[in-house]
Amino acid sequence: MPRLKRLIRAVIPYQLRLKIYHVRRYLRSFGIAQGLVALYKIAMVGNGLIALSIPQSRTPLLVRGNTSDVQTFEQIFIDNEYDAPLDISPKTIVDGGANVGYASVYFANRFPDARIIAVEPHSANAEMLAKNTAAYPNLIIIRAGIWHKKTLLKIENPEAEEWAFRVTEATPDTIEFEAITITDIMGSANVDHIDILKLDIE
């Protein structure tokens with residue numbers, strides 16, 4: 001077997017091996033038909049919007065081509081970033097920095113009895129988040145930035161990739177959205193603890 005691997009490395013160019021590996025990951029995660037369709041759409045869409053049907057979601061997920069949406073989608077549904085073993089049945093999950101909702105969708109399908117609170121400050125991301133999670137009645141969206149106190153915030157780096165927006169306190173002429181604290185979130189949900197707290201924020 002080691003000799004065969006060395007032979008494959010010698011015969012097949014590295015870039016082609018990389019592409020084959022990428023295809024295999026999609027097929028292993030989504031099945032042959034859905035995996036191939038997803039790969040084709042991502043390759044052909046350019047800067048447009050695509051809908052990807054995968055077994056891990058009740059409805060097709062919207063992805064903005066040539067953006068960080070693709071990498072985020074792959075991290076969650078192919079690399080299984082949140083597939084940690086748990087010995088609890090969570091009732092309250094907070095998705096802080098929900099982006100366009102892929103982690104929220106993952107949690108909603110893995111823990112269908114849990115209430116999920118998705119928090120996202122950026123308007124375009126929040127719009128996509130609402131569309132991607134519309135099929136989940138147990139999911140609540142809050143358009144705000146998580147902060148250590150109640151205040152008003154703005155996006156500090158609007159030119160950044162969609163998954164890398166940072167927030168900062170706003171001046172009176174730059175207000176974009178409100179801040180919310182973890183305590184505020186728990187109060188709105190009427191709970192005294194959070195079972196899963198995912199914080200992917202800058």
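Remarks
- In this structure, T181 and L152 have a Cβ-Cβ separation that, at R0 = 22 Å, corresponds to a calculated FRET efficiency of about 0.95.
- Trypsin sites (Lys or Arg not before Pro) within region 115-200, DSSP loop, no more than 12 other Cβ atoms inside 10 Å: K149, K150
- Gaussian network model of the chain, Cα within-10 Å springs - most flexible of A108, A170, A118: A170
- Accessible-area rank, largest first, for I182, I54, I20: I20, I182, I54, with all protein chains present and a 1.4 angstrom probe.
- Highest-MSF residue in the chain out of G145, G31, G96 [GNM, Cα springs under 10 Å]: G31
- A value for semi-axes √(5λ) of the Cα gyration tensor in Å was derived from the coordinates, and within the list (1) 35, 21, 16; (2) 29, 23, 12; (3) 25, 22, 17 it appears as (1).
- Considering only V105, V94, V191, the mean-square fluctuation computed in a Gaussian network model of the chain, springs between alpha carbons under 10 angstrom, is largest for V191.
The values are calculated or read from the model by the stated rules, or taken from the named source; none is laboratory data. Here the structure is a predicted model, which means the values were calculated and not measured. Glycine also receives a Cβ, built like all others from the backbone with ideal geometry; neighbour counts cover every protein chain displayed. Only protein heavy atoms, including side chains, enter the accessible area calculation; ligands, DNA and RNA are left aside. Shrake-Rupley method; radii C 1.70, N 1.55, O 1.52, S 1.80 Å.
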